[in-house]
1. Let's see if you can work this out: charge +1 on each Lys and Arg Cβ, -1 on each Asp and Glu Cβ, no other charges. What is the dipole magnitude of the chain about its Cα centre, in debye to the nearest 20?
2. Quickly estimate the mean residue ellipticity at 222 nm for the chain, helices only: each DSSP H run with n ≥ 4 gives -39500 (n - 2.57), and the total goes over all residues, rounded to 500.
3. Could you quote the convex hull projected area for segment 164-247, Cα atoms only and averaged over all directions, in nm²?
4. Can you pull out the GluC sites (Glu not before Pro) in segment 91-184 that DSSP calls coil and that have at most 16 other Cβ atoms within 10 Å?
5. Under 21 Å from the Cα of K3, which lysines turn up, not counting those fewer than eight places away in the same chain?
6. Excluding G66 itself, calculate the net charge of residues whose Cβ lies under 13 Å from the Cβ of G66, where each Lys or Arg counts +1 and each Asp or Glu counts -1.
7. Mind scanning K151/K276; K276/K354; K180/K218; K276/K357; K218/K357 and naming the pairs with a C-alpha gap bigger than 28 Å?
8. Using the alpha-carbon centroid of each, what span in Å lies between segment 46-61 and segment 312-341?
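Values in this text are rule-based calculations from the coordinates and carry no lab data. A quick note: this is a predicted structure, and the numbers were derived from the prediction, not measured. Here the Cβ positions follow ideal geometry from the backbone for every residue, glycine too, while neighbour counts run over all protein chains shown.
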Amino acid sequence: MNKITPQPGIMDITLYQSGAAHVAGVSNVVKMSSNENPLGASPRAIEAMQAAAAGVHRYPSSDHAGLRGAIGEVHGLNPEQIICGAGSDEIIAFLCQCYAGPGDEVLYTEHGFSMYRISALAAGATPVEVRERERVTDVDALLEGCTDRTKLVFIANPNNPTGTMISEGEVARLADGLPKGTLLVLDGAYAEYVDGFDAGAAVIDARSNIIMTRTFSKLYGLGGARIGWGYGPASVIDVLNRVRGPFNVSSVALAGAEAAIRDLDYVTSCRAENTKWRAWLADALAEVGVSSDISCTNFILARFGSQTEAEACDLYLQKQGLIVRRVAGYNLPEALRITIGDETSCRRLAQAVKDFKNGAT
Ligand SMILES: *Cc1c(COP(=O)(O)O)cnc(C)c1O
């Protein structure tokens, strides 16, 4: 009897859980669960998207030359080595589709971003997880985890949900130690939060086995527009373009992203605000006994005494209208990931955690 059956691996995928946005019965809710920019997108990006809306009856550019040119100018990169996607998630999916299939392994770390596993399974490949060292990417563990079947190695630098990062030297050591035929993917979703950081571009330029993925969803505040990009060896970009749909990115998203990347003052001011309130919030939480690693991102991984305490605090925060992210699914059951909000939200959050620690229920 014929049975309609999906490809192997598909039913092993656990649905991606996005950050909650509502609490039943609570108004004035603050969402600090999805690492979004609390200040929103650049006003110039919004203006550009509104203007682009007038032309939505036309198909978008299929080569994304305008946006690739703008990215190249701003970051000093060759536009020929750039590909744009519907969020960096799409670039991650292209990479798995193109380079990993049944019998192949895709490596990432124990607290790594969940799309690596999902995309590997969707491509029919085998996801393989290696340990970190105290919530930091461990290059030795990744190198030891490689086999002759390892086709892709994913690390986010800085990482989500830990917020930590490794040095350029460590990234280079990882790239240089990989087996021939293994491609390293540097996920730079939070690179904009690190002042003066090239996200690994120099390491990439000196090698042929690394690609970076980037996004407009975090600091640029364009998560709803779905736009990201990748930069790597021309030969790899050429491969990815073969599976990319010709109109994978909307004209509205392209216009918004181009304006956003050119608005350097907005980027600088968002980064500065984030840095300020991140330090303030980390200190405020530490004062009431909630520790965190030094974060290089727009969130803090707050560590509690136990899973029970973390979950109780999460429930208390929800009652106060403060939504943060549980990360038990990232092997961090005793922690909560808290996105850095604006000043008011950070103050509300700190006060609520303090009240919780003082016994409020
Ligand atoms: C948010 C995030 C992304 C970006 O996803 P988009 O598809 O670009 O919105 C990628 N990697 C990590 C680690 C992230 O946290």
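1. Around 840 debye, computed over the chain.
2. Taking each H run of at least 4 residues, the total per residue is -12000 deg cm²/dmol.
3. Dividing the Cα hull surface by four gives the mean projection, 6.5 nm².
4. Loop-located and lightly packed - E110, E134.
5. The qualifying lysines are none; the list is empty.
6. Surrounding charge for G66 is -1.
7. K151/K276; K180/K218; K218/K357
8. Cα centres, segment 46-61 to segment 312-341: 37 Å.
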